[in-house]
Each structure stands twice: as C-alpha cells, then as structure tokens.
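Novice: Just passing along the structure, written as structure tokens.
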Amino acid sequence: MDDKMQVERLNLFYGAAQALYDVSLRVPEHSVVALIGPSGCGKSTFLKTLNRMNDLVDGVHIDGRVTLDGQDVYAPDTDIVLLRKRVGMVFQRPNPFPMSIYDNVAYGCRVHGVTDKKVLDEVVEQSLQGAALWDEVKDRLKTSAGGLSGGQQQRLCIARTLAVAPEVVLMDEPCSALDPISTMKIEELVSELKQRYTIVMVTHNMQQAARVSDRTAFFLNGKVIEYDDTNVIFTKPAQKKTEDYITGRFG
Amino acid sequence: MENKSTRQEYIHDLAELQNKVIQMGELVTTAIERATHSLITQDRDLARQIMKEDDDIDDLTIEIEDFSLLLIAKQQPIAHDLRVIATSFKIASDLERIGDHAFDIAKTAKALAAEKQPVELLYTPQLAETALVMVKQAMKAYREADIVLAEAVCRQDDELDELFARSFTELSGAAVNDIVKARQQAQLLFVARYLERIGDHATNIAEWVVYLETAERVRKLR
C-alpha cells in the first residue's frame, strides 16, 4: 500500500514548550490509523498538524516535514483552504451548524462555489448515504440539524466532511460523546469509509483502536513510543510502555 | 450502506473462526476413517500417509488458537460471541487430540502391516465405527447448533465404553500360548484405548456445543 501521508522528524513547540518530539509516521492509503495515549501526550496536537489546524494557535512553531501524496504540506505556497478540503476533520463533539440538515451538508460545496441545485442535491444524498444517515433523515432534510440525536449529529458532521470529497479524514475522538450503539455505528462506518478515504483517528478508547484500525501509534509525552500493525500492538507490543498502557498498568 | 448491522467485519470473523473448526473436524474424521482402513487392510503406505498429514491438523489448531486470541484482544467479545470463541478454542484442542490418536492408530497399523501372521481384529472395527460416528455427529451438532444431537452424542459414549470393556476382556485374555498373537493383541488393545479416548473427546465437543448454545454445563456422570 502506498503512503498517503508521511511525517518525518516533526517537532512542535507552543512558545517555549515542546509538545511533539521527532515524530515520524507513515499513513498508508485506504487504511485506518489510530492514535492512542494518555491525555496530553500530543496525539490531538499531532492530528492537527496533518491539515495545519495548528496554524490557528498563537505561538506555534513547527519543524520537520509533513507530506500529502509527496507534497510538503508546510511549503510556503500551500493553499490551506485546498489542503483542508483534501484533509477533512471531524471533531470530538458533534458541531452541526444552526441550519437545516440539507444546508449543513451542502455548506462546504457552496463555500467552494457550487450553486447548481441538482449538483447540490446529489452531493447531499451521496454524502448522507456515505455517512449511513440517509435513510434516517431523507424525509426531513429541511428540518433543523439540532433536532437530531448525538449519534446522528456526528454522522451529519461526517457527511458534511465527505461532501467536499476529501482524500484523508481526520477524526478527533469522534465517539467520545456518543452512546454505545451510536459508537458502533460510527465504528462500522469508519470500516466502510476506508475503502474510499484514508482515516487517521485519535481515540481514548483503546478497544476502539483495536476494533477499527489497521495500524496503531502509541504516543507518550509527545513521542511515538511504538507504531505497528494493530494486530501486533494489541497481541505482542514490542515496547513495555505500550503493553503497560494498553493493559491498564500505566503509572 | 443502510440497513446493514453494525460490526459486520467482526461477525464475519466469528463465522470464519467457526468455519475453521468445521474444516478441522473434516480433516480429523477423514484421518480416523483412513487410519482404521489402513489397520483393517494392513496398508502400510496409507498408514504412513496419514501420519504425515497430522501436521496439517496441528497447523490448523495453531491457526484457530491464534485467531481466537486475536479476536479476544481486538473485539472484546461478550455473551454468545464470547462462547463462540471460547468453544472454538476448546473444540480445536479436542480435535487436535483426536488427530493425534488417528496418528497413533496409523502408527500401530504400520507395525501390524509388517506381521506375517494375519491379524484378528475382533471388536476393533466396531469400536472404530462407533467412535467415528460420535465425532461426525458431534461436529454435525456444532455445525447446526443442534443441542438434541449433542446430548445424544454424550449418551453414545456409554455404548463406546461398554464396547471397550468387552474388547479389553477379549484382547487381554486370549493368547497366552501364542507370542505373535499376544503381541498383536497388545497392539490392538492400544488401538481400542485410542478409540475409546476419541469417543471421550467427541463427548467433550458435544458438551461444548451445549455450552455454546445454552451457556449451561453438561454434567455427565462418568
């Protein structure tokens, strides 16, 4: 499998405080990579470096290299809007816009200049299908997204991300605010989505990482302690620190 | 994508695990059948062939064990799913032992094939047939989640034990003045013992089938 993204010797500082140390990691295309580790270990910070969401934070300094299809994401001529279209993001808490279900999904396309109603209708349907939400909402597309359950809202946010045809989808603890059934639905969806997209997911739920990912990276204190096939990480990790963490013996 | 149940990959993996156990059951029943045949026909080449094929059964055992452990580590199985994995692990181990006994029978067949004096098999074919039927029925019960059939297999073990007892009496008493025959019968006594043990493992499998489907333990009086 080809690498969709590559990270080489990435160091990240918030002002004088270093948050990531020499992180190198390859993300194979059409796979799910899970990032696990205790709070504050740098996994969310790392995730945000992949589509330059950290640019929005004051005082951030980054060195090292992040590439998407071999192109340097941090090159001065990078079109950040285009980058974030290609590398979409789903957040911890579902954050639908205060508008209808339809308008939520169509939002990205409209921002990118699409006005043809037929095209928008098609994108909305396909994206909602892709996020396994279509059947539940097809009769109430014009109603407010706020009326959906938490799990539905999160799938709506996934549909909104898919609507702009991303290549990579970043997910920052996408199930932490959801009940077990909604969580299972999202996990199943992730397995479906990897056929068409590449997914990098931060999760606090180690079992979730074990269930859905192909590869798992264990972060600790801003460093990648171990990165390997998920089957290996969860049956015979090479590092004692990894084993201690995944078996709950940490600290 | 709609209307599909969640956790499809996991459900698929559980079915695949059970298929591997069923496949192992097929290898093992074939091994018993052929080992018995090699004994009856004094076919040395066939006996050798069966001994070689035991490696395939052992490889499949390891595959089932590894796959079971991986599913436990990755999927946190519970309820019936957990019993599917636990019983696959246990049944694979019983099947592996049955495979070993088929190997042992083939090894005896190989030794007896070298005998010049014809071998009088006495109860051996009947024992072999009963043990084979038990394994086949236990695996059918597993395949079809058939508790009634599984319980019937458990009861059939009494029949096999009875046959073994008769076989033992006959084989241990007959040949005091004939060294060659005494040696042959000592070999057959071992075969009878292997077949009786195969029946015990078939009973275990049947008990695991009941546990898999009901979460209840069969408490058989032995």
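The values are calculated or read from the model by the stated rules, or taken from the named source; none is laboratory data. Everything numeric in this text was worked out from a predicted model, so none of it was measured. Please note: Cβ atoms are built from the backbone with ideal geometry, for glycine as well, and neighbour counts cover all protein chains shown. The protein model used for the area step is the full one, side chains on, heavy atoms only, and it has no ligands, DNA or RNA in it. Shrake-Rupley method; radii C 1.70, N 1.55, O 1.52, S 1.80 Å.
Novice: If I model a spin label as a point 7 Å beyond the Cα along the Cα-Cβ vector, how far apart are those points for B:Thr169 and B:Ile22 in nm?
Specialist: 4.3 nm
Novice: To continue, here is another question. Residues in segment B:159-198, backbone N under 14 Å from the label point at B:Gln126 (7 Å along the Cα-to-beta-carbon vector): list them, ranges by number please.
Specialist: In segment B:159-198, the label zone of B:Gln126 (backbone N under 14 Å from the point 7 Å along Cα→Cβ) covers B:159-171.
Novice: Let me know the Rg and Dmax you get for the protein assembly as shown when you use only its Cα atoms, in Å.
Specialist: Using the Cα atoms of the protein assembly as shown, the pair Rg, Dmax is 31.0, 104 Å.
Novice: Out of the total accessible area of the protein assembly as shown (probe 1.4 Å, heavy atoms of protein only), what percent is carbon and sulfur?
Specialist: Solvent-exposed carbon and sulfur of the protein assembly as shown make up 50 percent of the total.
Novice: Within segment B:185-222, what residues put their amide N at less than 17 Å from the label point 7 Å along the Cα-to-Cβ vector of B:Val148?
Specialist: Taking a point 7 Å out along Cα→Cβ of B:Val148, the residues of segment B:185-222 whose backbone N falls under 17 Å are B:210, B:213-214.
Novice: On to the next question. Rounding to the nearest 20 debye, state how big the charge dipole of the protein assembly as shown is about its Cα centre with +1 on each Lys and Arg Cβ and -1 on each Asp and Glu Cβ.
Specialist: Dipole of the protein assembly as shown, to the nearest 20 debye: 1020 debye.
Novice: Residue by residue through B:104-113, how many Cβ atoms from other chains fall within 10 Å of the Cβ on average? Don't skip to the end; give the middle numbers.
Specialist: Numbers: counts 0, 0, 0, 0, 0, 0, 0, 0, 0, 0.
Mean shielding count: 0.
Novice: If you average the sequence gap of Cα pairs under 8 Å that are 6 or more apart and divide by the length of chain A, what percent do you get for the contact order?
Specialist: Answer for chain A is 27 percent.
Novice: While we're here: Can you put A:Met1, B:Met134, A:Met89 in order of accessible area, largest first, using a 1.4 Å probe?
Specialist: A:Met1, A:Met89, B:Met134
Novice: Something else: Hey, if you put +1 on the Cβ of every Lys and Arg and -1 on every Asp and Glu Cβ in chain B, which of B:Ala113, B:Ser172, B:Gly199 ends up farthest toward the positive end of that dipole?
Specialist: After comparing all options, I get B:Ser172.
Novice: Taking a ≥ b ≥ c as the square roots of the Cα gyration tensor eigenvalues, with a/c under 1.5 meaning rounded and otherwise prolate when a/b beats b/c, else oblate, which class fits segment B:14-167?
Specialist: Verdict is oblate for segment B:14-167.
Novice: Also: Helix-only estimate, please: 222 nm mean residue ellipticity of chain B, summing -39500 (n - 2.57) across DSSP H runs of length 4 or more and dividing by its residues, to the nearest 500.
Specialist: That calculation yields -30000 deg cm²/dmol at 222 nm.
Novice: Highest GNM mean-square fluctuation, chain B, Cα pairs closer than 10 Å: which of B:Val84, B:Val133, B:Val180?
Specialist: Fluctuation is largest for B:Val180.
Novice: Of A:Thr78, B:Thr169, which has the most accessible area with a 1.4 Å probe, and how do the rest follow in descending order?
Specialist: Result of the area sort, largest leading: B:Thr169, A:Thr78.
Novice: Could I ask something else about it? Within a 10 angstrom radius of each residue's Cβ in A:121-132, how many Cβ atoms of other chains show up on average? Whole number is fine.
Specialist: 1
Novice: Also: Send over the semi-axes of segment A:3-246's equivalent ellipsoid, whole angstrom and largest first, taken as the square roots of 5 times the C-alpha gyration tensor eigenvalues.
Specialist: Rounded to whole Å, the semi-axes are 30, 21, 15.
Novice: Note down the magnitude of the dipole of segment A:1-56 about its Cα centre, charges +1 on Lys and Arg C-beta and -1 on Asp and Glu C-beta and zero elsewhere, to the nearest 20 debye. Walk me through the intermediate numbers first.
Specialist: Numbers: 6 positive and 6 negative charges, 35 e Å.
Magnitude of the dipole: close to 160 debye.
Novice: Would you mind giving the mean number of other chain beta-carbons within 10 Å of the Cβ of each residue in B:71-81, as a whole number?
Specialist: 3
Novice: How big a patch of accessible area, both sides summed and in Å² to the nearest 100, lies buried between A and B at a 1.4 Å probe?
Specialist: Working: alone 11910 and 11670 Å², together 22140 Å².
Separately minus together, A and B give about 1400 Å² buried.
Novice: If packing is taken as the average number of other Cβ atoms within 10 Å across a peptide's residues, how do A:113-122, A:6-15 rank, most packed first? All intermediate terms of the calculation are to be shown ahead of the outcome.
Specialist: Numbers: A:113-122: 10.9, A:6-15: 15.8.
Per-residue mean Cβ counts within 10 Å order the peptides as A:6-15, A:113-122.
Novice: Among the listed pairs A:Lys85/A:Lys138; A:Lys117/A:Lys142; A:Lys118/A:Lys142; A:Lys48/A:Lys236; B:Lys52/B:Lys110, give every one whose C-alpha distance is greater than 18 Å.
Specialist: In this structure, A:Lys85/A:Lys138; A:Lys48/A:Lys236 lie more than 18 Å apart at Cα.
Novice: Once you place label points 7 Å from the Cα toward the Cβ at A:Asp69 and A:Ala17, how far apart are they in nm?
Specialist: So the label points at A:Asp69 and A:Ala17 sit 3.7 nm apart.
Novice: Additional query: Using only helices, what value at 222 nm comes out for chain A when you add -39,500 (n - 2.57) per DSSP H run of length 4 or more and divide by the total residues, to the nearest 500 deg cm²/dmol?
Specialist: Numbers: 10 runs with 90 residues, N = 251.
So the helix-based figure for chain A works out to -10000 deg cm²/dmol.
Novice: Say the dipole of segment B:74-165 comes from +1 at the beta carbon of Lys and Arg and -1 at that of Asp and Glu; which of B:Phe103, B:Ile91, B:Gln76 then lies farthest toward its positive end?
Specialist: With unit charges placed on the Cβ atoms, the residue in question is B:Gln76.
Novice: Moving on. Pairs of alpha-carbon atoms within less than 8 angstrom and 6+ residues apart define the contacts here; what relative contact order does segment A:90-238 have, in percent?
Specialist: The value is 24 percent.
Novice: Could you do me a favour and compute the accessible area per residue for the protein assembly as shown, 1.4 Å probe, result in Å²?
Specialist: With the other protein chains kept in place, the protein assembly as shown gives 47 Å² per residue.
Novice: Please give, to one decimal in nm, the separation of the simple spin-label points placed at A:Asn205 and A:Asp244, each 7 Å out from Cα toward the Cβ.
Specialist: Placing both labels 7 Å along Cα→Cβ, they lie 2.7 nm apart.
Novice: Might you report the magnitude of the Cβ-based charge dipole of chain A about its Cα centre, with Lys and Arg at +1 and Asp and Glu at -1, to the nearest 20 debye? Show your work: numbers first, answer last.
Specialist: Values: 29 positive and 33 negative charges, 79 e Å.
Using Cβ point charges on Lys, Arg, Asp and Glu, chain A gives about 380 debye.
Novice: Percent relative contact order of segment B:18-164, based on C-alpha pairs within less than 8 angstrom and at least six residues apart?
Specialist: 34 percent
Novice: Could you tell me how many degrees, from 0 to 90 and to the nearest 10, lie between the Cα long axis of helix B:44-75 and the main elongation axis, the longest principal axis, of the Cα atoms of chain B?
Specialist: Rounded to the nearest ten degrees, it is 20.
Novice: Looking only at GluC sites (Glu not before Pro) in DSSP loops with at most 11 other Cβ atoms within 10 Å, what is the longest site-free stretch of chain B?
Specialist: By the stated rule (loop sites, at most 11 other Cβ atoms within 10 Å), B:3-215.
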